[in-house]
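A quick write-up on the structure given underneath.
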Amino acid sequence: MTTFEVKRLLLTSAATLVMVVWTYFWFRKSEDEGSEDDVREPKELKPISKYRNDSRTIVVISTKEDFKDVLPKLINDLHAFKVLGLDCEWCTKVKEVKPVALLQIATNTGLCILIRMNHFKSQAQLPTELLDILADKSIYKVGVGIMGDVKRLMKDYAIALCGIVDLRHLAIRHRSIQLCIQGGSLKELSEVVLGVEMNKSFDLKCSDWEADLLKPEQILYAANDALVAVDIFQNIVMIKMAKDLPSFSTSEKWNHVVVQCKGLVDCDFKDKFRSKRKKVDVKGSPTKPVKISSKPPSRMFRTRKEPLYHNCRLEAPDGRQLCICDFKKAEWYVRKGIGTVVSEDEPYTVRLNFEPAAIPSSDQEYYLQDKENICVVCGRGDMYMRKYVVPHEYRRYFPKKMRHHSSHDVLLLCIDCHLESWNHDQFLRRQLANECNADFDRNNSEYIEDHTVLKVRSAAKALLRNRCTIPEPRIKILESTVKNYYNVDTVDDTLLEKTVNLETRILNEEFTGSHGKKVVMHKARQKDGLLEFERMWRRHFVNTMKPQFLPALWSIDYQHPALDDSS
């Protein structure tokens, strides 16, 4: 071996040794300097069976009297720390999801209240104090996937909840925990944040939550879901608070919590993070990319893509202004040849070629003025939607003369103000339900689905459209379903075509009328009842939302001219 080769070998060996030593110390340093933001699974997990055994107080509520007994303790806890862990349980049978049977709420002191919703049946039977707490936006209700529980409570019992915070938002914002966009369970968060292993047994999760008496293991399972949720919230915000405010007064404490949750309240988790990023589990191992849906969570809160007010002018042949309308309506008169463009500049003006049936009187000036495309509450102008001050579920049952030209009670709100106003409206709806004996009965529908016919029709559709792709054993089952329904021995395409067109809805003999119809009928029996009903809703909107940008001439006492003679 030459001298040159020996030197090269020594240099290579020395470089390799330096790299190995540097790598070793780098990894040691990373382990020593690890912070609470480290998202690796803890080495030792406390079993849930030993979690909070000494500090938790579990109370099962089946009546209003039961709730009144525990209410002072609940109010005292919320006064100190305005956060509730919240979860729901319900029974799921084959092809049927039953209403929420159990509502769990827990405070940070360990008090957990299990409300047996199936014992109350309807919203009107629930304690008013509980409904007020659930609707109070200043009291945060926290959980994982909690928006699903909120929607179930609204659907099943017409209960409005505000102040909703999904714990995954906080975990990502303040602890850098990268969770699956549509995953990340309470069990996983409890392991990462609290070092607690939760019992998520399928048998417990899908047990009979409507049983006359809940088993001890059911009670513990349900209570732990709410207790762990509030503890995760407290753990995250307190650690963050200790970083940002090493020393703080009691008055500053809650204000800082509010700041940490800013922008996350009443926000669905999967709608908040729409950026296309890789799906990562709690241990940090990457998986396949996730497809993010651009579809909004609900049509109810979908903002407008175009302005509502174009402020185009429509004139009578003599030049008198008739109304303000949108561009499409003005163009329609021109396209039909019954109107002529007077001005293409702003405001765009069209003059009719015929004498209109009526000319607006002086008391209808509200309909002649320009309106701004902004939220009437906060003035925001980049996203807005219609707000029906008198909800459509009531106005649809008004007399025709009161439904005609009701745009006075249609205003623009941004999505945040609209959601807040909707929650305020739920309180008034609840009061009307009690006053007019018009409960929100989830089963009170004019028509109900006949599940037997629905099953037969579904089988016929599958046989008629997808027979060639269905396995033979499955075809026999589907044919048997159709045969049994008609009590025949053979199934042909003619019979399948007939079955596909079957009507699956049947008239509900127990239907007593919708909530809206009952309320309107009750008010209509009173003198000027519907006029006062309109004013009540307008007054309610103004008092609860305190709008700063209402159109000029908008009035609580507005009365349509067609009603002058009858009022």
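The values are calculated or read from the model by the stated rules, or taken from the named source; none is laboratory data. These numbers come from a predicted model, not from an experiment. Cβ placement follows ideal geometry from the backbone for every residue including glycine, while neighbour counts extend to all protein chains displayed.
When residue 432 is tested against the conditions (1) under 20 Å from residue 135 (Cβ atoms); (2) of a type outside the set (Ser, Thr, Tyr); (3) modelled with pLDDT under 85, the lone failure is (3). Just one of the listed residues (69, 77, 87) is over 19 Å from residue 220 (Cα atoms), touching a strand residue (DSSP E or B) at 6+ places or on another chain (Cβ under 7 Å) and modelled with pLDDT of 65 or more, and it is 77. Inspect the range 164-178 for any residue being assigned by TED's automatic domain parsing to the domain that holds residue 75, out of contact with any Leu (no Cβ under 9 Å at 6 or more places or on another chain) and buried (at least 22 other Cβ atoms within 10 Å of the Cβ) and give the result as yes or no. No, the range 164-178 contains no residue that is assigned by TED's automatic domain parsing to the domain that holds residue 75, out of contact with any Leu (no Cβ under 9 Å at 6 or more places or on another chain) and buried (at least 22 other Cβ atoms within 10 Å of the Cβ).
A quick yes/no check of all residues on (1) touching a residue at least 24 places away in the same chain (Cβ under 8 Å); (2) crowded, with 22+ Cβ neighbours inside 10 Å; (3) assigned by TED's automatic domain parsing to the domain that holds residue 109:
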residue	(1), (2), (3)
191	yes, no, yes
194	yes, no, yes
202	no, no, yes
211	no, no, yes
229	yes, yes, yes
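Residues in the range 70-96 that are loosely packed, with under 11 Cβ neighbours inside 10 Å and either in a helix (DSSP H, G or I) or of a type in the set (Val, Ile, Thr) (or both): 72, 79, 94.
Does the range 104-124 contain at least one residue that is among the basic types (Lys, Arg), modelled with pLDDT of 90 or more and over 24 Å from residue 145 (Cα atoms)? Scanning the range 104-124 turns up no residue that is among the basic types (Lys, Arg), modelled with pLDDT of 90 or more and over 24 Å from residue 145 (Cα atoms).
In the range 147-163, the residues that are at positive phi form Cβ pairs under 7 Å with partners that are of a type in the set (Ser, Thr, Tyr), at six or more places apart or across chains, as follows: 163/138; 163/140. In this structure, residue 413 qualifies as in contact (Cβ under 8 Å) with a residue 24 or more places away in the chain, within 24 Å of residue 366 (Cβ to Cβ) and in contact with a Ser or Thr (Cβ under 9 Å, 6 or more places away or on another chain). Answer with yes or no whether residue 237 is loosely packed, with under 14 Cβ neighbours inside 10 Å and modelled with pLDDT of 75 or more. No, not satisfied. Considering the range 330-368, the residues that are hydrophobic (A, V, I, L, M, F, W, C) and not in a loop (DSSP other than H, G, I, E, B) include one that is modelled with the lowest pLDDT, namely 368.
Here's the yes/no breakdown for (1) touching a Cys at 6+ places or on another chain (Cβ under 9 Å); (2) surrounded by fewer than 22 Cβ atoms within 10 Å (Cβ to Cβ); (3) in the same structural domain as residue 418 (by TED's automatic domain parsing); (4) in a strand (DSSP E or B):
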{"site": "121", "(1), (2), (3), (4)": "no, yes, no, no"}
{"site": "129", "(1), (2), (3), (4)": "no, yes, no, no"}
{"site": "132", "(1), (2), (3), (4)": "no, yes, no, no"}
{"site": "137", "(1), (2), (3), (4)": "yes, yes, no, no"}
{"site": "141", "(1), (2), (3), (4)": "yes, no, no, yes"}
{"site": "153", "(1), (2), (3), (4)": "yes, yes, no, no"}
{"site": "159", "(1), (2), (3), (4)": "no, no, no, no"}
{"site": "162", "(1), (2), (3), (4)": "no, yes, no, no"}
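With a requirement of 1 or more residues that are within 24 Å of residue 530 (Cβ to Cβ), the helices (runs of 4 or more DSSP H) lying completely within the range 369-481 that satisfy it span 392-395, 400-403, 415-435.
Only residues that are touching a Gly at 6+ places or on another chain (Cβ under 8 Å) and not polar (S, T, N, Q) were counted in the range 538-553, giving 1.
For the range 435-444, the set of residues classified as modelled with pLDDT under 65 and not acidic (Asp, Glu) consists of 440, 442, 443, 444, listed by residue number. Cβ separations smaller than 6 Å between residues 6+ apart or across chains give the following pairs from the range 250-268 residues that are closer than 18 Å to residue 134 by Cα to residues that are outside any helix (DSSP H, G or I) and modelled with pLDDT under 75: 268/297.
Looking only at the range 190-232, residues that are of a type in the set (A, V, I, L, M) and under 15 Å from residue 115 (Cα atoms) come to 9 in all. Of all the numbered requirements in (1) at pLDDT below 85; (2) closer than 24 Å to residue 415 by Cβ; (3) among the aromatic types (Phe, Trp, Tyr), residue 541 misses one, and that requirement is (1).
Taken as a whole, the condition of being at pLDDT below 80, of a type in the set (A, V, I, L, M) and either closer than 24 Å to residue 423 by Cβ or surrounded by 14 or more Cβ atoms within 10 Å (Cβ to Cβ) (or both) applies to residue 383. Among the residues of the range 257-275, is any closer than 29 Å to residue 145 by Cα, at pLDDT 70 or above, of a type in the set (Phe, Trp, Tyr) and surrounded by 11 or more Cβ atoms within 10 Å (Cβ to Cβ)? Yes, because at least one residue in the range 257-275 is closer than 29 Å to residue 145 by Cα, at pLDDT 70 or above, of a type in the set (Phe, Trp, Tyr) and surrounded by 11 or more Cβ atoms within 10 Å (Cβ to Cβ). Of the residues in the range 497-514, at least one is among the β-branched types (Val, Ile, Thr) and at pLDDT 90 or above. Cβ-Cβ contacts under 7 Å between residues 6 or more apart (or on different chains), taken from a first residue in the range 84-111 that is under 27 Å from residue 55 (Cα atoms) and free of Cβ contacts under 8 Å to residues at least 60 places away in the same chain to a second residue that is among the β-branched types (Val, Ile, Thr) and assigned to a strand (DSSP E or B), are listed as 103/115; 111/57. Within the range 530-553, residues that are in the same structural domain as residue 414 (by TED's automatic domain parsing) and on the phi > 0 side of the Ramachandran plot have Cβ atoms under 9 Å from residues that are at pLDDT below 90 and loosely packed, with under 14 Cβ neighbours inside 10 Å in these pairs: 553/365; 553/369, counting only partners at least 6 apart in sequence or on another chain.
Would you confirm, using the coordinates I've provided, whether residue 476 is of a type in the set (Lys, Arg), modelled with pLDDT of 90 or more and closer than 18 Å to residue 450 by Cβ? It is false that residue 476 is of a type in the set (Lys, Arg), modelled with pLDDT of 90 or more and closer than 18 Å to residue 450 by Cβ.
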